[in-house]
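The block underneath contains the structure these notes are about, expressed in structure tokens.
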Amino acid sequence: MLTRILTAGAALFLGAQLTHAQGAADRLQGILSNVPQAVVEGVEAPIVAGYGNGDAIRWIAVRGAQAGRNPNTPNRFAALRSAAPMQRAIIEGTPDAEIRASVGLTALDWIETWEVAVGPVRVGAMDIIPDSEMRLRGAFFSSGFTEEDRAGTPIFWLGEADYQPDPARIDEANPFGGDMGLPVRMAFLGDRAIWATGWPALEAIGVPAGATLASRADAQRLVGGLRRVGNLGGLVSVRCWLRNGAEVPITGAETSPVAGLALADYAHRETEGAAMVLALDEGIDAEVIATRLRDAWPILSDLPSPAEPDISAGGGTITVTMRSDWGDDGAATNAAYEVFMSVLDSGRLGFLLNR
């Protein structure tokens, strides 16, 4: 198993070097390709995945602070805008000090990260600097983790049973499944940390065998929709949800034909952009829904739109993109991305999709 994990570490490290040359479609396909379908077989829960590059926004946020347009907290902005969905929710609702007390990490540690979660099956990786590894180790030791050195690879782990939540382990400030009280296994590989909530998942991402999540038809459609996104700047994050027998996070769209959703966040100097992709069930006419979406767009969000969206359809998907300047708050938030979130939450898009 350790040989395979070391191979994974090398592959993930090499992939990190190509970050700036890849767009949202490639990054999403890459992280879904890390996880074999067999790892989540039989789990009926949304497939939630995210990739983020905190450094793509960190120094832009610094310039915003220097210009007096946002508070001088660029590391927190970088963490919020680059973290995978479940980790973002924890960072958003938890003070930095509590996260550090829980797992030793600070907002600075969200550099390049990815995570795939399906119910209790969660797996991911993140860049680590010497300080963050030291803090993680210290937090794990103080939390009762066991350290094993296998073939020169240090692995920290806690929880005897794979994927089994334990109420006694629930820690709302722990971004590695702590909100569910899940077990954790983490391997340190140079400047990367790879983690999972079960030994099978940790082993499976070493050399993925068989069909991966990227080969699912809904995932392929979603990636295809992201390929229609033009140059909106440097990729800060891409996040996706595949229905997988459950629901995607669109209020009121529980019975709609949406099989998958993706959101991407971009930044460049003093501009920002965002993309939203809806992957539809096979046989649904995407252009018909795209036409409804164009007509209804002005009333779908509770927030003012910073620019007019571009809405296109093709390959069973609808792609919405928007680009604007970075607004009054500098790089603290992405106004276009926030509009997309408002559209998803308002319930009006769900009503439109259910027609």
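The values are calculated or read from the model by the stated rules, or taken from the named source; none is laboratory data. Remember, it's a predicted structure, so these values are computed and weren't measured experimentally. Cβ atoms come from the backbone with ideal geometry, glycine included; neighbour counts cover every protein chain shown. When the accessible area is computed, the model is the full protein with side chains, heavy atoms only, and any ligands, DNA or RNA have been set aside. Shrake-Rupley method; radii C 1.70, N 1.55, O 1.52, S 1.80 Å.
Overview of values
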| quantity | calculated |
| --- | --- |
| Boolean, VAL43 is in a loop (DSSP other than H, G, I, E, B), touching a Pro at 6+ places or on another chain (Cβ under 9 Å) and modelled with pLDDT under 95 | yes |
| Region 235-245, subset open to solvent by 30 Å² or more (accessible area, probe 1.4 Å) and under 18 Å from the mean Cα position of the chain (by Cα), residue nearest to VAL48 (Cα to Cα) | TRP241 |
| Those residues of region 194-217 which are touching a Leu at 6+ places or on another chain (Cβ under 6 Å), assigned to a helix (DSSP H, G or I) and buried (at least 22 other Cβ atoms within 10 Å of the Cβ), in sequence order | LEU213 |
| Matching residues in region 28-74 - criterion: being closer than 20 Å to ASP265 by Cβ, within 19 Å of the chain's Cα centre (by Cα) and among the hydrophobic types (A, V, I, L, M, F, W, C) | LEU28, ILE31, LEU32, ILE47, VAL48, ALA49, ALA56, ILE57 |
| ASP149, sole failed condition from (1) within 18 Å of LEU202 (Cα to Cα); (2) surrounded by 20 or more Cβ atoms within 10 Å (Cβ to Cβ); (3) among the charged types (D, E, K, R) | (2) |
| Among residues of region 295-326, those that are open to solvent by less than 80 Å² (accessible area, probe 1.4 Å), outside any loop (DSSP other than H, G, I, E, B) and either basic (Lys, Arg) or within 16 Å of GLY225 (Cα to Cα) (or both), counted | 10 |
| Test for ALA279: is it hydrophobic (A, V, I, L, M, F, W, C) and surrounded by 23 or more Cβ atoms within 10 Å (Cβ to Cβ) | yes |
| Yes/no for ARG292 being touching a Gly at 6+ places or on another chain (Cβ under 7 Å), farther than 30 Å from ALA67 by Cβ and surrounded by fewer than 24 Cβ atoms within 10 Å (Cβ to Cβ) | no |
| Selection status of ARG58, in a helix (DSSP H, G or I), modelled with pLDDT under 95, over 15 Å from MET126 (Cα atoms) and in contact with a Phe, Trp or Tyr (Cβ under 8 Å, 6 or more places away or on another chain) | yes |
| Condition met for ALA286 (hydrophobic (A, V, I, L, M, F, W, C), touching a helix residue (DSSP H, G or I) at 6+ places or on another chain (Cβ under 6 Å) and in contact (Cβ under 8 Å) with a residue 24 or more places away in the chain) | no |
| Some residue of region 136-155 being of a type in the set (S, T, N, Q), without any contact (Cβ under 8 Å) to a residue 40 or more places away in the chain and assigned to a helix (DSSP H, G or I) | yes |
| Search result, residues across region 333-355 that are under 19 Å from ARG76 (Cα atoms) and open to solvent by 20 Å² or more (accessible area, probe 1.4 Å) | THR333, ALA335, GLU338 |
| Residues satisfying the stated conditions in region 125-135, i.e. within 24 Å of TYR51 (Cβ to Cβ) and either polar (S, T, N, Q) or assigned to a helix (DSSP H, G or I) (or both) | PRO130, ASP131, SER132, GLU133, ARG135 |
| Matching residues, region 104-135, being without any contact (Cβ under 8 Å) to a residue 60 or more places away in the chain and touching a Ser or Thr at 6+ places or on another chain (Cβ under 6 Å) | ASP109, TRP110 |
| Within region 219-234, tally of residues that are in contact (Cβ under 8 Å) with a residue 24 or more places away in the chain and either part of a loop (DSSP other than H, G, I, E, B) or open to solvent by 20 Å² or more (accessible area, probe 1.4 Å) (or both) | 9 |
| Subset of region 246-271 that is of a type in the set (Asp, Glu) and under 18 Å from the mean Cα position of the chain (by Cα) - its residue that is farthest from ASP325 (Cα to Cα) | GLU247 |
| Residue within region 247-267 that is in contact with a Gly (Cβ under 9 Å, 6 or more places away or on another chain), open to solvent by 50 Å² or more (accessible area, probe 1.4 Å), in a strand (DSSP E or B) and touching a residue at least 24 places away in the same chain (Cβ under 8 Å) present | no |
| Unmet criterion (only one of (1) on the phi > 0 side of the Ramachandran plot; (2) surrounded by 23 or more Cβ atoms within 10 Å (Cβ to Cβ)) for GLY181 | (2) |
